[in-house]
Amino acid sequence: MPPYCLPRHVTDLILAAVATAAEQLNPGLVERSIDDATAEVASLLAHRYRQPFRVVPEIVRWIVSVVAAWRVVGGITSLMDTEAASDNQWLPIQNQYKRAWDLLEQLAAGKIKLGLEDGDPDREKAHVAVVAPKPIFDLSKY
């Protein structure tokens, strides 16, 4: 499945230096985080929207970016768990992660809908197609 965001979307949320440090400690962490976040988001939305998206909605791109950024930061520090500290530099990404996950849950539950540009329907709406074989006899002559 193609990733739903690019590495630059992740480094927009965390400092590029953090991503660089993560890559030095764990080569390929950013790409793996993006792939894992894409797969997780796609699996949660698959019962409602056909996957992979032909055109990735911006909100989905943002959710995947935040989840991947959260995982990159989590891969290099345990300080993310101490949310109570007022000087916690990871608090902004924690808040974004919580907001992204909340949006994802609402999308998966159908509480909010994706405005898909390519006409891909929400699978919760009824869709009917009638298919029949070509008539054997032409009754229009009678």
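The values are calculated or read from the model by the stated rules, or taken from the named source; none is laboratory data. Nothing here was measured: the structure is a model prediction, and the numbers come from that model. Using ideal geometry, Cβ is built from the backbone for each residue, glycine included, and neighbour counts are taken over all protein chains shown.
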Filter the range 1-18 down to the residues that are within 16 Å of R71 (Cβ to Cβ) and either hydrophobic (A, V, I, L, M, F, W, C) or in a helix (DSSP H, G or I) (or both) and list them by number.
C5, L6, P7, H9, V10, T11, L13, I14, L15, V18
Restricted to the range 19-41 and to residues being free of Cβ contacts under 8 Å to residues at least 24 places away in the same chain and assigned to a helix (DSSP H, G or I), the residue surrounded by the most Cβ atoms within 10 Å (Cβ to Cβ) is E23
Considering only the range 42-52, state which residues are of a type outside the set (S, T, N, Q) and in a helix (DSSP H, G or I).
A42, L44, L45
Would a scan of the range 59-66 turn up a residue that is among the polar types (S, T, N, Q), touching a Lys or Arg at 6+ places or on another chain (Cβ under 8 Å) and closer than 20 Å to R99 by Cα?
no
Can you tell me which residue is modelled with the highest pLDDT among those in the range 78-97 that are among the charged types (D, E, K, R) and either in a loop (DSSP other than H, G, I, E, B) or within 14 Å of the chain's Cα centre (by Cα) (or both)?
D87
